[in-house]
1. How large is ³J(HN,Hα) for each residue in segment 174-183, as worked out from phi by the Karplus curve 6.51 cos²θ - 1.76 cosθ + 1.60 (θ = phi - 60°), to whole Hz, x for Gly and Pro?
2. For the chain, which whole percent of the accessible surface, found with a 1.4 angstrom probe, sits on carbon and sulfur atoms?
3. Heavy atoms only, 1.4 Å probe, whole protein assembly: order Trp364, Trp88, Trp51 by accessible area, highest first.
4. Using +1 on the beta carbon of Lys and Arg, -1 on that of Asp and Glu, and nothing else charged, what's the dipole of segment 210-285 about the Cα centre, debye to 20?
5. If DNA, RNA and ligands are ignored and the probe is 1.4 Å, what is the ranking of Ser114, Ser48, Ser294 by accessible area, most exposed first?
6. Rounded to the nearest 0.05, what FRET efficiency do Lys218 and Val198 have when you use their Cβ-Cβ distance and R0 = 22 Å?
7. Which value, in debye to the nearest 20, gives the size of the charge dipole of the chain about its Cα centre, when Lys and Arg are +1 and Asp and Glu are -1 at the Cβ?
8. Run the 1.4 Å probe and let me know the accessible area of Cys284, rounded to the nearest 10 Å².
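The values are calculated or read from the model by the stated rules, or taken from the named source; none is laboratory data. The model shown is predicted, which means the values in this text are computed figures rather than measured ones. Quick reminder, even Gly has a Cβ in these numbers, built from the backbone with ideal geometry, and neighbours come from all protein chains shown. What goes into the accessible areas is simple: the full protein's heavy atoms, side chains included, and nothing from ligands, DNA or RNA. Shrake-Rupley method; radii C 1.70, N 1.55, O 1.52, S 1.80 Å.
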Amino acid sequence: MLILSLATIMTLAVLLGSGVWIAFALIGTAWVALAFFSPFAPGPILASDFWGASYGWDLTALPMFIWMGEILFRSGLADNMFRGLSPWLNRMPGRLLHTNIIGSGMFAAVCGSSAATCATVGKMTLPELERRGYDSNMAIGTLASASTLGLLIPPSIVLIVYGVVTEQSISRLFMAGIGPGLMILALFMTYLIVWSLVSGNRKGLTGADESSMPLGQKLRQTLELLPILLLIGGIIVSIYGGLASPTEAAAVGVVLSMLIARWNGNFNVRIFSDSLFAAIRTACMIAFIIAGASFLTSAMGFTQVPMQLARTIGEMGLSPTMLLVALTLLLLVMGCFLDGISLILLVTAIIMPLVSAAGFDLIWFGIYLVIVVEMSQITPPVGFNLFVIQGLTGKDILTITKATLPFFLLMMLSIALMHLFPEIALYLPQSMSR
């Protein structure tokens, strides 16, 4: 087992380090494992897994939600959200810094891409917050961290991928992401409030009070939030109430996103074609990686590595808490070098037997895994959000990482709370079957 494990790790490391596409790296690793450490021919297994991984109704929700996000990304939605939120947040400690958290969370929920959210919201809020005298590090930290919530709050592309490869209900995964997503949002806002009261206000780093806007104008600007709230709410309620499957909700979401973009005056033939082809490219890339991960999963099954790993760790007598700590540390290290979807597919290919043997609920574990992926988005050296903000601000990676550190620790706290109170993630999906 040791020789096989070392060969698998070395093959994967060499392929990823050489710049090979992730899907090809997964396929190459699986091929080496089957060709040299099992009596089975890799070719027929590869063909069967590629067909099985690409032929599934659940997977059709993936390109639809991606297309919906691409349309809204180009629709000027972020500007509407900033104008709609800012009049109501001026009286809170932290004032307009909360627009980064709430606005990024809302935009990420419909966009599904943390990097796109970070770029779109950041282009508008960062210069505005700097002009009004807000602390630049806090503005960077709130933006980079809250942008990751699109991976968790439905509709989530990452949860669809996890559901497909682990054969879990995507509807229940979507519902499971709501509680932890809102909890992390509340933790971020609470930290911002405490920071403002303790030091931000005293040092003059929270801007000036601009709450003198007439009530009528506030209400008019708030109306600009209505379409996006109806879109998010409609998708969640239709899935939770059993009115639509995730695929059907995604198709309706695409149509509604076109109407919202048209209502904003930012929808034409070019936006339609650009968003469509961007969605096709992203969906094909993810589908190719899923197929490669499926082949690797089969290879690991034929070589018995995951089962032997589960048996070895089981003999160590680790408690579920200690196992979770060890997994979190391992995943954070892996997340420093892999993007989120690749990390999830690699993990599910290797350690799912271990997770099942330890007694973890697979819906709960999916949410936990996505939170760890969120953390990797703000962890160097390949934290995508860090590079996006570096491009927007020109600051060095060390400064940006330091600004996101408190929010990274809050995500760690959210994992601990979810472990102590699993109902945070499981209450809604369990209530769906009542």
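1. 4, 5, 5, x, 5, x, x, x, 5, 4
2. Values: 12680 of 18410 Å².
Summing carbon and sulfur atoms, their accessible area is 69 percent of the total for the chain.
3. On the way: Trp364 10, Trp88 115, Trp51 160 Å².
My answer, sorted largest first, is Trp51, Trp88, Trp364.
4. Values: 5 positive and 4 negative charges, 27 e Å.
Rounded to the nearest 20 debye, it is 140 debye.
5. Working: Ser114 5, Ser48 75, Ser294 35 Å².
Of Ser114, Ser48, Ser294, the descending order of accessible area is Ser48, Ser294, Ser114.
6. Values: r = 29 Å, r/R0 = 1.30.
So the FRET efficiency works out to roughly 0.15.
7. Values: 19 positive and 19 negative charges, 185 e Å.
Once rounded to the nearest 20, the dipole reads 880 debye.
8. So the heavy atoms of Cys284 present about 80 Å² to solvent.
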